[in-house]
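Below is one structure, written out as structure tokens, with a few remarks after it.
None of the figures in this text is laboratory data; all of them are computed from the coordinates on show. Remember, it's a predicted structure, so these values are computed and weren't measured experimentally. With ideal geometry, Cβ positions are generated from the backbone for all residues, glycine too; neighbour counts draw on all protein chains shown.
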């Protein structure tokens, strides 16, 4: 079998995303045939080499699992939370294979969250250059003036988590329900932490509710707290949107199902 990068082998085994795998390698937690490897460009043969992560021998590539989850408010988008709050992992118990979230929705936000153990796809989708559109419905306190909406569409300056200031890219903004506290549909092609909240704060308005309803070709179609597997067609479209049309069908799992969602749909991946 051809040599592959260590971070790709680790991601394919479902241990971590490719980005996290790079951190594990750099931290000296990865061994190949008994030797610690810290160089990110290192390669190995997943068929013949013994790769250990934090002392545990990898068992080879897992079947890829792709889930669409409707995250409710009050859950953190992480595998573990130091504050012992509920995480999205609590919502997908019983899934065969360890999946992890692609990107994040903050604690108070809800809606569509993609979860998978396909490290390559997750890495491509989370890269800023992927430009996969994400659509949200947002309830705002007070009615922004048209000039404020025009600023949001063109891009505004917001603070990042590390205190720096960046300018957001162009955004699609349209009103979906008028009123004293109107609802807007916002479409972004980037995904900075708390971006929508910070965008509206930049024009003088507080965001009361956020719900993600679309992610690239995916549309939210399950109740809060439930999930469903993606179809083969949806996985193919995600791969295409993230920059590759390749779909590795043999690794697709067709056995993961929501505990409650039984609506007929296309063949699951």
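Points to keep in mind about this one:
- Taking other Cβ atoms within 10 Å as a rough exposure proxy, 115, 126 sort from fewest to most as 126, 115.
- Against the set (1) 145; (2) 121; (3) 130, the structure's computed volume of the Cα convex hull per residue in Å³ falls on (1).
- With contributions of -39500 (n - 2.57) from each DSSP H run of at least four residues, the per-residue ellipticity at 222 nm computed over the chain stands at -5000 deg cm²/dmol.
- Listed by Cβ neighbour count within 10 Å, with the fewest neighbours leading, 96, 20 appear as 96, 20.
- Shape analysis of the stretch 4-57 places it in the rounded category; the axes a ≥ b ≥ c from the Cα gyration tensor give an a/c below 1.5.
- Where both bridge residues fall in the chain, DSSP classifies roughly 90% of the beta bridges as antiparallel.
- Cα gyration tensor shape for the stretch 171-224, rounded if a/c is under 1.5, else prolate or oblate: oblate
- Computed from Cα atoms, the angle from the helix 232-241 axis to the main principal axis of the chain rounds to 80 degrees.
- Square roots of five times the Cα gyration tensor eigenvalues for the stretch 133-215, Å: 19, 14, 12
- Taken as Cα centroids, the stretch 66-123 and the stretch 149-202 sit 23 Å apart, rounded to the nearest whole angstrom.
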